[in-house]
Structures are given as C-alpha cells and as structure tokens.
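A.B. asks: Pasting a structure below so you can have a look.
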Amino acid sequence: MAEHQDDLEALDDIDNLDQFSGRQSAGGGGALTREESQNLDLILDIPLTVTVELGRSKLLINDLLQLGQGSVIELTKLVGEPLEVLVNNKLVARGEVVVVNDKFGVRLTDIVSPMERVQSLT
C-alpha cells in the first residue's frame with residue numbers, strides 16, 4: 001500500500017515539474033527560463049537503473065552449469081514482441097529491439113503516461 005502512495009506522490013511531483021517548467025500536463029511545450037534550467041540541473045546527475053527485459057527463462061542449476069560459449073537459452077518473448085523499459089523497476093515505456101553498428105538498442109515506441117502507471121497499480 002505504501003508503494004502505491006509513493007507512486008501517487010510521484011505523479012504529483014510530475015505535475016509540479018510540469019508547472020515548474022512552464023509546461024501544461026496535457027503536453028504543451030514551454031521553454032525553461034535560465035533560473036528554472038539551473039534548478040533542474042541539480043537533479044540531472046542522479047543515477048537511475050534502466051532495465052530492458054528481453055524475456056525470462058527458468059533453468060535448473062544443473063542446466064545452468066552446463067552452459068558455455070555458444071549456448072542458447074530460450075526466452076519467453078517472441079520475435080517482434082514489444083519490450084518493456086523500466087526505470088527503477090517502474091514501467092516507463094515500451095519499445096522494440098534495433099541493431100545499430102552490431103550493437104543492440106531499443107527504439108521507444110510508446111511512453112507510459114502517468115495515468116497508465118496509476119491504472120497498472122490496481
């Protein structure tokens with residue numbers, strides 16, 4: 001229950017940030033003043049954990065110990081299925097895998113609105 005309260009307080013913080021930055025919650029854009037930009041700079045170096053889950057699999061310890069280079073683990077996600085992007089274990093976006101210069105990346109296809117976050121709690 002406390003976690004749900006924290007999420008609701010986080011939504012209030014988002015609304016406050018929108019008001020602080022001169023933007024409307026409905027998505028209207030407004031430029032930050034120099035003072036507002038300096039205040040926002042105070043939080044820009046706070047570390048966050050970003051997680052993208054490609055899928056899950058359960059293995060027995062014996063099977064895990066048998067893995068080696070070139071082993072393949074079957075995951076629960078299918079090719080083309082959207083991925084979830086989590087920040088501090090909270091869903092913030094959905095995306096799809098892309099490959100750029102032989103490196104994997106995620107193209108964001110959907111940003112989760114604060115209202116969707118609240119609805120996912122029930």
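The values are calculated or read from the model by the stated rules, or taken from the named source; none is laboratory data. Just so it is clear, the model here is predicted, and its values are computed rather than measured. With ideal geometry, Cβ positions are generated from the backbone for all residues, glycine too; neighbour counts draw on all protein chains shown.
A.B. asks: Against the condition more than 20 Å from the chain's Cα centre (by Cα) and part of a loop (DSSP other than H, G, I, E, B), how does GLU36 come out, does it pass?
C.D. replies: For GLU36, the condition - more than 20 Å from the chain's Cα centre (by Cα) and part of a loop (DSSP other than H, G, I, E, B) - is not met.
A.B. asks: Right, here's the next one. Confirm whether SER25 is at pLDDT below 85, part of a helix (DSSP H, G or I) and not assigned by TED's automatic domain parsing to the domain that holds THR122.
C.D. replies: For SER25, the condition - at pLDDT below 85, part of a helix (DSSP H, G or I) and not assigned by TED's automatic domain parsing to the domain that holds THR122 - is not met.
A.B. asks: Take LEU59 and decide whether it is touching a residue at least 12 places away in the same chain (Cβ under 8 Å) and not in a strand (DSSP E or B).
C.D. replies: So LEU59 passes the test.
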